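Chemist: This structure is in structure tokens; I'll ask about it shortly.
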Amino acid sequence: MRDTRRLRLPRLSIRSLPGLLAALLLPLGLLTPAAAAASPPDATAAADPVRIMPLGDSITGSPGCWRALLWNRLQDAGHTGIDFVGTLPPQGCGIAHDGDNEGHGGELVTNVASQGLLPARLAATRPDIVVMHFGTNDVWSNVAPDRILAAYDTLLAQMRESNPDIRVLVAQLIPMHPATCAACAQRVVDLNARIPAWAAGAHTSRSPVVVVDQWTGFDTATDTYDGVHPDASGDEKIAARWFPALAAQLESTPGDPGDPGDPTLTCTASFRSVSVWQGGYQAEVTVRNTSAAPVRGWTVTLRPADGARVTQVWNGTLKSAADGTATVADAGWNGALAPGASTAFGLIATTTAGPAAPAATADCAATPAS
């Protein structure tokens, strides 16, 4: 019996017709190769946006308005091919931005790791870059730094299983001083002191781990509304700290313009008060190479709080601006740093402030090895 079933042909969209006609007419000499080449390119050839996951707890997500400020700062700088991703929707802020995020209020990073909560979130969002400020609730719950860093290990392994090329920006946490936890302030300091070494050990050239110092220069009295969660001033500071580190990753992400063979060079600068006296103080700044490649020099931009002025530096070269900003370059002999290596310089500053603890914002720029 003859088969009377209809032959089903593949459906063709209107957009595909020019290319099909070109393929049919060219062999017949009815269309020149130049005309065939003029067919419009497939829209799918456009580069996909870089997917960025803000990961953490309520500081990131409830409402986490620093994300709105960071998003707009990136847009203004020309980084428009980005997509903030997460399984949580925007939570206000009154500023137009891409508000998707993974900031779950109340979560402990140790619980997320032990309960295996992250893999499903990664599968749903497929991030290329993770921006992680995570561990505040663990500190509040008196979870030991060893356990928190072990949780970081678990989450990083899950991220790399999801995307072997994933890039991770990990924060040294903002300070906390809640009324119900007098010990929390020192616990944050203890955890933050361990994060650079953890990141250096976890860093690979394929999947970089970069430390971003969110602690230095952040004041719980003026930058939070409850000793823990950032207010408008705190949001500004957090966004300002994330921006240069994230912009550097976007500029070196595969597919972006530039030489793909050039490694991303990053360094961190951590400010520490050594001693204080009436009208001045001594401090130390530790510079660490957080890159996968060696650097041959570094420059730290230091902005002391409360109107302090840096007047003297050792193990570095000082230049001061009229607004009090101090630029400190390496002294030559301490400029070259291997991946994960660190050095330090000391300083003296004068101040008219009262007995408040000295603080400063410190940003670092690395010079590539020749």
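Chemist: Can you give me the number of residues within the range 280-296 that are farther than 21 Å from I195 by Cβ and at pLDDT 90 or above?
Modeler: 3
Chemist: Just the residues that are under 14 Å from F134 (Cβ atoms) and surrounded by 20 or more Cβ atoms within 10 Å (Cβ to Cβ), please, taken from the range 52-99.
Modeler: M53, P54, L55, G56, D57, I59, T60, G61, G64, G86
Chemist: From the list V285, V228, V212, V276, pick out the single residue that is crowded, with 20+ Cβ neighbours inside 10 Å, outside the structural domain of G61 (by TED's automatic domain parsing) and among the β-branched types (V, I, T).
Modeler: V285
Chemist: Restrict the check to the range 125-132 and report whether at least one residue is loosely packed, with under 15 Cβ neighbours inside 10 Å, touching a strand residue (DSSP E or B) at 6+ places or on another chain (Cβ under 7 Å) and assigned by TED's automatic domain parsing to the domain that holds I82.
Modeler: yes
The values are calculated or read from the model by the stated rules, or taken from the named source; none is laboratory data. All values derive from a computational prediction rather than experimental measurement. Backbone-built Cβ (ideal geometry, glycine too); neighbour counts: all protein chains shown.
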